[in-house]
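K.L.:
Please find one structure pasted underneath; my questions will follow.
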Number of protein chains: 2
Amino acid sequence: MGTSKGSSLLREIREVAERVDAFIHENFKAFPDFLQKACLHTVKAGGKRLRPFLVVKSCEICGGSSEKALPAAAAIELIHTFTLVHDDIMDRGEIRRGAPSVFVKWGIPVAILAGDLLFSRALEVFASCSLDPSTKFEVMAEMARVTSSICEGQAMDLSFTRPKEIPKEGEYIEMISKKTASLFASCCKIGAVIARADEKYVQALTQYGFSLGLAFQIVDDVLNIVGTEEELGKPVASDIREGKATLPVIKTLEKKPELHKLLLKEALEDSEVEQFINAIRECGALDECRSMAKAFVEEAKRHLEPFPASRTKALLLQLADFIVERRY
Amino acid sequence: MGTSKGSSLLREIREVAERVDAFIHENFKAFPDFLQKACLHTVKAGGKRLRPFLVVKSCEICGGSSEKALPAAAAIELIHTFTLVHDDIMDRGEIRRGAPSVFVKWGIPVAILAGDLLFSRALEVFASCSLDPSTKFEVMAEMARVTSSICEGQAMDLSFTRPKEIPKEGEYIEMISKKTASLFASCCKIGAVIARADEKYVQALTQYGFSLGLAFQIVDDVLNIVGTEEELGKPVASDIREGKATLPVIKTLEKKPELHKLLLKEALEDSEVEQFINAIRECGALDECRSMAKAFVEEAKRHLEPFPASRTKALLLQLADFIVERRY
């Protein structure tokens with residue numbers, strides 16, 4: 001980024017993040033100390049808070065106040081955190097956001113419980129906000145629906161780990177649609193619903209969020225391979241080490257099927273990981289992934305066309321570009 | 001039971017159970033096969049469906065139809081199942097309802113995911129029922145609140161496993177209030193809310209459910225010691241084997257503190273389990289527990305006094321007696 005436009009986006013993201021974090025901390029005070037720490041560990045370790053930002057800005061672009069959107073934004077971040085805490089147990093992801101993950105620090109039982117509590121508390125906290133009951137119902141129903149979708153996506157993702165058959169690109173897109181894009185879409189939808197926007201705008205923002213989410217996940221999978229440990233907050237190429245068939249991996253295996261056996265190995269040597277990374281870099285898979293992400297981002301931006309020019313619209317357009325340009 | 005009164009109660013419970021089960025099966029069809037099986041495994045293995053029965057009958061006693069209460073009743077059973085699936089991972093409970101538990105059959109990752117999906121799907125299924133949005137909001141908020149309470153109770157329960165200090169009876173009551181009684185209370189409250197009952201009746205039923213839940217858990221803990229493997233659907237005295245300080249155990253350790261060291265042992269010999277059971281039987285702890293359960297059941301029944309005599313009221317009174325008299 002580095003441009004003044006870019007830094008204003010990052011400043012705005014940080015500003016929403018601070019308000020969301022304060023709201024979250026306020027709402028976990030009542031719990032026993034170890035449970036509170038286990039629940040908030042992943043939140044405190046970092047994260048960009050893009051999802052709450054989407055909730056707040058989608059509300060604003062439809063004429064709603066950020067104040068009104070804040071409880072939903074916080075609830076969405078808690079739901080996202082719940083899925084991270086449980087995913088780390090399932091994928092044996094020992095490092096997250098530069099810190100040991102919850103199950104490493106407190107054990108599997110507490111990590112399961114912390115995830116469960118993050119989810120129920122997300123809904124509970126949102127339920128006690130001052131919106132009218134029928135809006136709250138609509139938002140909570142959306143939160144339940146999207147969580148089911150994320151679980152379905154994660155179930156597919158489990159079958160993408162050390163897969164006997166190389167998954168098709170279409171299956172990958174279906175998986176990330178459910179696991180990632182659905183939540184981005186819900187964030188935007190929820191913001192618009194809270195603003196009581198017309199159906200046309202709710203739809204447009206939902207589609208913006210969905211395309212943005214697809215781009216986000218593809219870029220995430222690319223960064224997992226090309227990013228540094230510092231940028232990633234976890235070991236380089238952790239996906240390959242875990243045997244995950246992400247898009248760059250699928251594209252590479254289409255060209256070099258002989259590498260499939262490496263993906264099936266339980267514990268790869270560092271030299272084998274390097275061999276895999278080099279193959280991905282050399283075969284053009286990364287450029288293809290970036291092009292796909294770029295295309296989804298352009299699609300996302302087009303979905304904002306119905307909205308008149310505004311500061312918030314400019315931010316959402318910048319955010320789309322940031323999604324593909326980011327290094328972390 | 002055996003009396004004609006008793007068998008009519010059991011017949012009514014079975015009737016609600018069948019409708020709830022049909023509703024549940026209908027609503028998990030869309031999922032991938034292994035996930036559907038993992039989610040419904042515990043439901044199919046058995047269970048009395050007392051919680052959905054409470055939802056339905058609490059709605060009926062307030063003049064609402066059982067039809068209206070059915071989606072909430074099913075959602076409550078799904079939430080209960082979700083907590084069982086996750087608890088079994090945490091407590092390493094390998095047998096549940098006479099069958100291998102979900103994590104034994106499908107592994108920890110799928111069991112975590114199945115639990116998460118049971119919870120989100122419970123809310124999602126309920127959200128799509130035909131009640132008005134503000135009632136649905138109220139019910140979903142209650143479901144979120146009670147799930148947080150169950151998680152808190154389970155967190156306390158984890159600290160009751162191989163405890164360095166013997167927990168106090170008051171702490172045990174607090175733990176089962178959060179873990180078990182809160183859900184029984186919510187079942188009754190939700191039924192009453194769906195019937196749009198006056199606050200006075202909502203309160204009375206909530207308190208009935210709460211007292212009933214306390215009695216239920218105490219009896220459950222007694223049965224865990226005195227029941228047969230066939231009645232329990234899991235090994236006899238599994239709580240003692242897992243090192244859990246339940247009420248009969250706490251009462252026994254108050255009298256025979258020298259047994260505390262057995263509770264701390266990782267793997268008890270069968271003879272040590274037998275020694276513990278004999279100590280519990282001989283010191284009068286079981287009778288004390290039964291008396292406490294009986295007192296809570298009488299309290300539960302008193303909370304029904306505001307309701308005029310009716311067939312449903314008679315069933316709820318019988319249910320209270322059944323809770324202490326049951327052998328499974």
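K.L.:
Go through region B:20-48 residue by residue and tally those that are at pLDDT below 95 and surrounded by fewer than 19 Cβ atoms within 10 Å (Cβ to Cβ).
P.N.:
Within region B:20-48, residues that are at pLDDT below 95 and surrounded by fewer than 19 Cβ atoms within 10 Å (Cβ to Cβ) number 14.
K.L.:
A follow-up question, please. Take B:K168 and decide whether it is among the charged types (D, E, K, R) and crowded, with 19+ Cβ neighbours inside 10 Å.
P.N.:
Against the criterion (among the charged types (D, E, K, R) and crowded, with 19+ Cβ neighbours inside 10 Å), B:K168 does not qualify.
K.L.:
Could you list, in sequence order, the residues of region A:151-162 that are more than 8 Å from every other protein chain (Cβ to nearest Cβ) and out of contact with any Gly (no Cβ under 7 Å at 6 or more places or on another chain)?
P.N.:
Listed by number, the residues that qualify are A:G153, A:D157, A:S159, A:F160.
K.L.:
A further question follows. Where residues in region A:234-245 are open to solvent by less than 10 Å² (accessible area, probe 1.4 Å) and assigned to a loop (DSSP other than H, G, I, E, B), which of them is farthest from A:L286 (Cα to Cα)?
P.N.:
Per the stated criteria, the residue is A:G243.
K.L.:
From (1) in contact with a Lys or Arg (Cβ under 8 Å, 6 or more places away or on another chain); (2) within 14 Å of another protein chain (Cβ to nearest Cβ), pick out the condition that doesn't hold for B:G98.
P.N.:
It is condition (2) that B:G98 fails.
K.L.:
Tell me which of these A:D132 doesn't satisfy, since it passes every other one: (1) open to solvent by 20 Å² or more (accessible area, probe 1.4 Å); (2) charged (D, E, K, R); (3) within 7 Å of another protein chain (Cβ to nearest Cβ).
P.N.:
If we test A:D132 against (1) open to solvent by 20 Å² or more (accessible area, probe 1.4 Å); (2) charged (D, E, K, R); (3) within 7 Å of another protein chain (Cβ to nearest Cβ), just (3) comes out false.
K.L.:
Looking at A:L205, A:L214, which is the one that is farther than 23 Å from A:S134 by Cα, touching a helix residue (DSSP H, G or I) at 6+ places or on another chain (Cβ under 8 Å) and crowded, with 23+ Cβ neighbours inside 10 Å?
P.N.:
Going through A:L205, A:L214 in turn, the sole match is A:L214.
K.L.:
Of A:V222, A:V273, A:V236, A:V226, which residue is closer than 30 Å to A:G46 by Cα, of a type outside the set (F, W, Y) and modelled with pLDDT of 95 or more?
P.N.:
A:V222
K.L.:
Residues to consider are B:F137, B:F103; find the one that is open to solvent by 20 Å² or more (accessible area, probe 1.4 Å), facing another protein chain (nearest Cβ under 7 Å) and not small (G, A, S). So that I can check it myself, show each step before the final result.
P.N.:
Values: B:F103 fails: facing another protein chain (nearest Cβ under 7 Å).
B:F137 is the lone residue from the list that is open to solvent by 20 Å² or more (accessible area, probe 1.4 Å), facing another protein chain (nearest Cβ under 7 Å) and not small (G, A, S).
K.L.:
Looking at region A:157-167, can you tell me whether even one residue there is without any contact (Cβ under 8 Å) to a residue 60 or more places away in the chain and of a type in the set (A, V, I, L, M)?
P.N.:
no
K.L.:
Further question on the same structure: Report the residue count in region A:304-328 for those that are under 20 Å from the mean Cα position of the chain (by Cα) and of a type outside the set (D, E).
P.N.:
Residues meeting the conditions: 12.
K.L.:
Please go through (1) free of Cβ contacts under 8 Å to residues at least 60 places away in the same chain; (2) within 12 Å of chain B (Cβ to nearest Cβ); (3) acidic (D, E) for A:D198 and return the number of the only condition it doesn't satisfy.
P.N.:
If we test A:D198 against (1) free of Cβ contacts under 8 Å to residues at least 60 places away in the same chain; (2) within 12 Å of chain B (Cβ to nearest Cβ); (3) acidic (D, E), just (2) comes out false.
K.L.:
Show me the helices (runs of 4 or more DSSP H) entirely contained within region B:165-233 in which 3 or more residues are in contact with a Pro (Cβ under 9 Å, 6 or more places away or on another chain).
P.N.:
By residue number, B:199-226.
K.L.:
Going by what's in this entry, would A:R145 be described as within 19 Å of A:K179 (Cα to Cα), within 9 Å of chain B (Cβ to nearest Cβ) and not small (G, A, S)?
P.N.:
So A:R145 passes the test.
K.L.:
Something else now. Is there any pair linking a residue in region B:107-123 that is more than 7 Å from every other protein chain (Cβ to nearest Cβ) to one that is among the hydroxyl-bearing types (S, T, Y) and open to solvent by 10 Å² or more (accessible area, probe 1.4 Å), with Cβ under 8 Å and at least six apart or on different chains, and which?
P.N.:
Here the result reads B:G115/B:T83, each pair linking region B:107-123 to a residue that is among the hydroxyl-bearing types (S, T, Y) and open to solvent by 10 Å² or more (accessible area, probe 1.4 Å).
K.L.:
So, one more: Test B:I76 against the criterion of being under 21 Å from the mean Cα position of the chain (by Cα) and surrounded by fewer than 19 Cβ atoms within 10 Å (Cβ to Cβ), and give yes or no.
P.N.:
No.
The values are calculated or read from the model by the stated rules, or taken from the named source; none is laboratory data. Everything numeric here is computed off the predicted structure, so don't read it as measured data. With ideal geometry, Cβ positions are generated from the backbone for all residues, glycine too; neighbour counts draw on all protein chains shown. What goes into the accessible areas is simple: the full protein's heavy atoms, side chains included, and nothing from ligands, DNA or RNA. Shrake-Rupley method; radii C 1.70, N 1.55, O 1.52, S 1.80 Å.
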